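Asker: Below are the structure tokens for one structure; questions will follow.
The values are calculated or read from the model by the stated rules, or taken from the named source; none is laboratory data. The model shown is predicted, which means the values in this text are computed figures rather than measured ones. Virtual Cβ from ideal backbone geometry, glycine too; neighbours counted across all protein chains shown. Protein only, heavy atoms only, side chains kept; ligands, DNA and RNA dropped before computing areas. Shrake-Rupley method; radii C 1.70, N 1.55, O 1.52, S 1.80 Å.
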Amino acid sequence: MSINQTYEIQALSDKVGHFIRIRSLNKAKHFAVYRTFTKRFPDGTEVNAEIKEDIKDILVKSIQKKGITEGFILKFDENDKYSDFVDEKISPEKIRHISGKNEKSFTSTGAKLSSHWPIFYKLNETGFGSIIRATLTLHQVCSSRCQFCSTINRNKKDSTSFEETKEFIEKLYFDQAEYNKKHFSKYNEKYKELTGSDIRLRGLILSGGGQPNLWPHFEKLVEWLSNLDIDIGLITNGFPKNIDDKIYDKFKWIRLSITPEDASPHYVDKKFNLQRIPQNIIHNKNTFFGLSYVYGPWTNEDILKRLSSSIDEWKLDYIRMLTDCNLTRSEQLKSHNVLAEKLYNLSLIDKDGNNKGKIFHQLKFHGTQEEAEELWNDGKCFLQTYNLFWDTTGHETNGKSFCYPCDSVTVLAEENTKQQSKRGFDGNVWGTVTNDKVELLFKEKWKKFFDPRKHCSACLFMKNNKTVKNLANTSLDKLNQIKIDKDLEHINFP
Ligand code: SF4
């Protein structure tokens, strides 16, 4: 199930202009077209510019040297001449940012984990995990061609059936609740006291290879799920016309990913705000509706302004802005810094980095080897104890596919091109159990499938890992004193 990580890089032009085409040489040969790149100046400022004839060869060399993400950042001197100077690193503390209610509610920062503390009390005393949150890709279909795609190496035919998916969820929902009632009643009772539920799957995200709503059994699955007491979330790039829009009423939340505007077939006139949004999503008061936007060379002021106006037009609950996770930590922090300054200059955040309205900046960045050594002294990922991501990579060939503790294993870019992001799931490295054996994640003790100190030093969920570690090492007395933050939303997606 390993992925081939080679790409074809071509400098081309058409009637629109000059561009670089990057094509994965993996089985499905997905490609992305890049018409813009980033110019960085010695004072740290950046300008996103169009690719012109005179820069194409420099870009190709840069991509060959620094990879298909950082290769698109070129350095220029004060006179706007290409110049490969060495720039300084930025520490996260230097970035204008405060983590507020929106970031804590609508993303996974670790802040919601304490609302589920009895499962970590159980972990501490018994060594058994409790899978309360899951994300399913269902298939690998997506009609967009994003430059920052984290699964460009995917295979379109790796899809699951309705029955397999139902069985998977039933194990996490019914079997897990029964198992906890029978074997871990002390912890199950505590959890029930706190949350009103047995220890079982609480939150489920359908994320697809970009568009889970193109999976043939999407409506049938969501109908079936709506009879269970599970909060369901949807992450998608668009809303295809061939399914009944009513199905979207069943979701607790929907997050629409706004792709670079030349990468989506859904955008009329290449404007994201002209795409079709089902009216019931806009007007449904019971479903949170938000956008996600990745800042990069494709971003210009006009898009940022239109994003801002879409808040009223689409009655949005939030817009989450972040940077490309395929960047290494130091480049990602520089990009975050540029994004924070842009948001500040547009008066979207205040001088300390608090969001002023519904747009918030998610400061998500890679960890370091030093943090990894300190955090995972037992060599086991803590997310594995409560979360899973079932990705279908390899399903066509093997008739089954792996679960992973998180989705960031596709973008673990390490410094100095030690390891570029894989842009695909590799079950041989980060896989835990296959979908047909998912029950082992709660019926067997938490065990080591791989050593995160070796494979995950660029982890994007270090904070979450640390929070679990702390909760699992806290006495019952102290756990009982935890005050649940009632202001936070999406509690079942910690
Ligand atoms: S990247 Fe982090 S959260 Fe994901 S599997 Fe590795 S250690 Fe776990």
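Asker: Spot the failing condition for residue 193; the list is (1) surrounded by 21 or more Cβ atoms within 10 Å (Cβ to Cβ); (2) assigned to a helix (DSSP H, G or I), and only one is missed.
Answerer: Checking residue 193 against (1) surrounded by 21 or more Cβ atoms within 10 Å (Cβ to Cβ); (2) assigned to a helix (DSSP H, G or I), the one that fails is (1).
Asker: With the requirement that a residue be basic (Lys, Arg) and in contact with a Ser or Thr (Cβ under 7 Å, 6 or more places away or on another chain), what does region 110-143 give you? Outline the logic, then answer.
Answerer: If we filter region 110-143 for residues that are basic (Lys, Arg), which is where we start, we get 112, 122, 133.
Listed by number, the list holds a single entry, 122.
Asker: Next up: Are there any pairs, at least 6 apart or on different chains, whose C-beta atoms fall under 6 Å, with the first in region 116-139 and not assigned by TED's automatic domain parsing to the domain that holds residue 390 and the second open to solvent by less than 10 Å² (accessible area, probe 1.4 Å), and if so, which?
Answerer: Going by the 6 Å Cβ cut-off, there are no qualifying pairs.
Asker: Moving to a separate point now. Criterion first (within 30 Å of residue 67 (Cα to Cα), in a helix (DSSP H, G or I), charged (D, E, K, R) and open to solvent by 20 Å² or more (accessible area, probe 1.4 Å)) does residue 478 satisfy it? Step through it out loud before you land on a result.
Answerer: Working: within 30 Å of residue 67 (Cα to Cα): no; in a helix (DSSP H, G or I): yes; charged (D, E, K, R): yes; open to solvent by 20 Å² or more (accessible area, probe 1.4 Å): yes.
For residue 478, the condition - within 30 Å of residue 67 (Cα to Cα), in a helix (DSSP H, G or I), charged (D, E, K, R) and open to solvent by 20 Å² or more (accessible area, probe 1.4 Å) - is not met.
Asker: Return the residue satisfying two criteria in turn: it lies in region 404-427 and is within 16 Å of the ligand (Cβ to nearest atom) and among the hydroxyl-bearing types (Ser, Thr, Tyr), and of such residues it is farthest from residue 370 (Cα to Cα).
Answerer: At the first step, the residues of region 404-427 found to be within 16 Å of the ligand (Cβ to nearest atom) are 404-415, 418-427.
This time we only want the ones that are among the hydroxyl-bearing types (Ser, Thr, Tyr), so: 404, 408, 410, 421.
Details: 404: 23, 408: 19, 410: 21, 421: 19 Å.
My answer is 404.
Asker: Quick one: which of 368, 392 is in the same structural domain as residue 467 (by TED's automatic domain parsing), touching a helix residue (DSSP H, G or I) at 6+ places or on another chain (Cβ under 9 Å), of a type in the set (Val, Ile, Thr) and buried (at least 21 other Cβ atoms within 10 Å of the Cβ)? If you could, list the steps in order and put the result at the bottom.
Answerer: Working: 368 fails: buried (at least 21 other Cβ atoms within 10 Å of the Cβ).
Sole residue among the options that is in the same structural domain as residue 467 (by TED's automatic domain parsing), touching a helix residue (DSSP H, G or I) at 6+ places or on another chain (Cβ under 9 Å), of a type in the set (Val, Ile, Thr) and buried (at least 21 other Cβ atoms within 10 Å of the Cβ): 392.
Asker: Being assigned to a helix (DSSP H, G or I), under 23 Å from residue 472 (Cβ atoms) and either within 11 Å of the ligand (Cβ to nearest atom) or touching a residue at least 60 places away in the same chain (Cβ under 8 Å) (or both) is the filter here; which residues of region 370-403 pass it? Spell out the reasoning first.
Answerer: Filtering region 370-403 for residues assigned to a helix (DSSP H, G or I) gives 370-375, 383-385, 395-398.
If we keep only those that are under 23 Å from residue 472 (Cβ atoms) as well, we get 370-375, 383-385.
Of everything in region 370-403, those that are assigned to a helix (DSSP H, G or I), under 23 Å from residue 472 (Cβ atoms) and either within 11 Å of the ligand (Cβ to nearest atom) or touching a residue at least 60 places away in the same chain (Cβ under 8 Å) (or both) turn out to be 371, 372, 373, 375, 383, 384, 385.
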